[in-house]
Amino acid sequence: SQEKGVIRGLHFQKPPHTETKLVRVLSGKVWDVFVDLRKNSATYGQWDAIELSAESQNCVYIPKGFAHGFCTLTSPALVFYKVDAMYQPEAEGGLRWNDESLAIPWPVQQPQLSSKDSKLGTLSDFITPFI
C-alpha cells in the first residue's frame, strides 16, 4: 500500500480452501488484526492485533478459521504473506472492518478502503463454516 491509513480486510477463505498465513512487513509498519471465526472455539468472535514492522522483523501466524486484516501506519507499507493454499476467488469471504460487534479500535477514523472491502458484512450476519 502506498498510503498511510489504508485498511485491507477482514478477509478469509472458506472451506475447503482455508488458508494458514504467516504475515510480516518488509517495508514500513502496519497494525495487523485477526478474528477467530471457529464456531466451537472459546474465543469465537474475539479479535487480537499486533503491530508489525520491517524494523522489528516480527511476524504473525494466522491459523485456518480466522479473518485477517491490517491498517497501514506508514506510507508506504509492504506486507508479505506466506500461505499454505492457493487463493480461490470463489471461496473468499470477509467481515466489515468497522463491525460494531467486534469493536476493533482501528488507528484511523476515515480509512481508505477498496470498494470490495467497503461492502463486506458483519459477524452477526455471518454463518461460520469453520469448526
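The values are calculated or read from the model by the stated rules, or taken from the named source; none is laboratory data. Treat the numbers as computed from the prediction; the structure is a model and nothing was measured. Note that we place each Cβ from the backbone using ideal geometry, even for glycine, and neighbour counts take in every protein chain shown. Note: areas computed on protein heavy atoms with side chains; ligands, DNA, RNA excluded. Shrake-Rupley method; radii C 1.70, N 1.55, O 1.52, S 1.80 Å.
Table: residues versus (1) touching a strand residue (DSSP E or B) at 6+ places or on another chain (Cβ under 7 Å); (2) closer than 15 Å to Leu37 by Cα.
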position: Trp47; (1), (2): yes, yes
position: Glu51; (1), (2): yes, no
position: Val60; (1), (2): yes, no
position: Phe70; (1), (2): yes, no
position: Phe80; (1), (2): yes, no
position: Gly93; (1), (2): yes, yes
position: Asp99; (1), (2): no, yes
position: Val108; (1), (2): yes, no
position: Lys116; (1), (2): no, no
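Only residues that are in contact with a helix residue (DSSP H, G or I) (Cβ under 9 Å, 6 or more places away or on another chain) and assigned to a loop (DSSP other than H, G, I, E, B) were counted in the stretch 86-99, giving 3. Scanning the stretch 21-43 for residues that are of a type outside the set (D, E, K, R), within 8 Å of Ala54 (Cβ to Cβ) and assigned to a strand (DSSP E or B) returns Val25, Leu26, Ser27.
Residues of the stretch 44-76 that are charged (D, E, K, R) and either open to solvent by less than 30 Å² (accessible area, probe 1.4 Å) or outside any loop (DSSP other than H, G, I, E, B) (or both): Asp48, Glu51.
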